[in-house]
Amino acid sequence: MNDQKEMYPAATAEDAKKKAALAPKQVEAWRNFSRTVFKEGVLDEKTKQLIAVAVAHVTQCPYCIKAHVPQAMRKGATKEEIMEAIWVASEMRSGAAYAHATIAMEAMESGQP
C-alpha cells in the first residue's frame, strides 16, 4: 500500500453510513445545505463545481478533490478549465502567504526580539 492510501483511507459508503449514524441530524442538515449550495442559482452548476475544485486545492482536501473534479466534468467543465481553476487557487494561496509578509514586516520593524 502506498503512503497516500495509508494517510487518506478510501471513502466508502459503509464509512459514510457509520458517520451518519453517529450524528444523523447534523449529517442530514449538512446534506441539505450542500444540495442547496450546489443548485443552480445566480451561478451555474459548472461554475460552482469549478469553485469547489479550487477551494478543495486550497484546503488540501483529497476527498473533496476526488469528488468535485468528476462533478465539474459532469457539469461540462473541461480539463483545461479545471486546471485553470487550480492555478487560480494556487495564486490565491501563494498571494495570501505574500500578503501576510506585512505581519512579519510589522514584527521586524517593532524591534522586538
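Annotations for the structure displayed:
- The residue pairs whose first member lies in the stretch 12-26 and is under 20 Å from Cys64 (Cβ atoms), whose second member is part of a helix (DSSP H, G or I) and at pLDDT 95 or above, and whose beta carbons are closer than 6 Å, counting only pairs six or more residues apart or on different chains, are Ala20/Val27.
- So Tyr63, is it within 19 Å of Ala11 (Cβ to Cβ) and in a helix (DSSP H, G or I): yes
- Given (1) in contact with a Lys or Arg (Cβ under 9 Å, 6 or more places away or on another chain); (2) touching a residue at least 12 places away in the same chain (Cβ under 8 Å); (3) of a type in the set (Gly, Ala, Ser), index of the condition Ser90 fails: (1)
The values are calculated or read from the model by the stated rules, or taken from the named source; none is laboratory data. Just so it is clear, the model here is predicted, and its values are computed rather than measured. For neighbour counting, all protein chains shown are included, and Cβ atoms are generated from backbone atoms with ideal geometry for every residue, glycine included.
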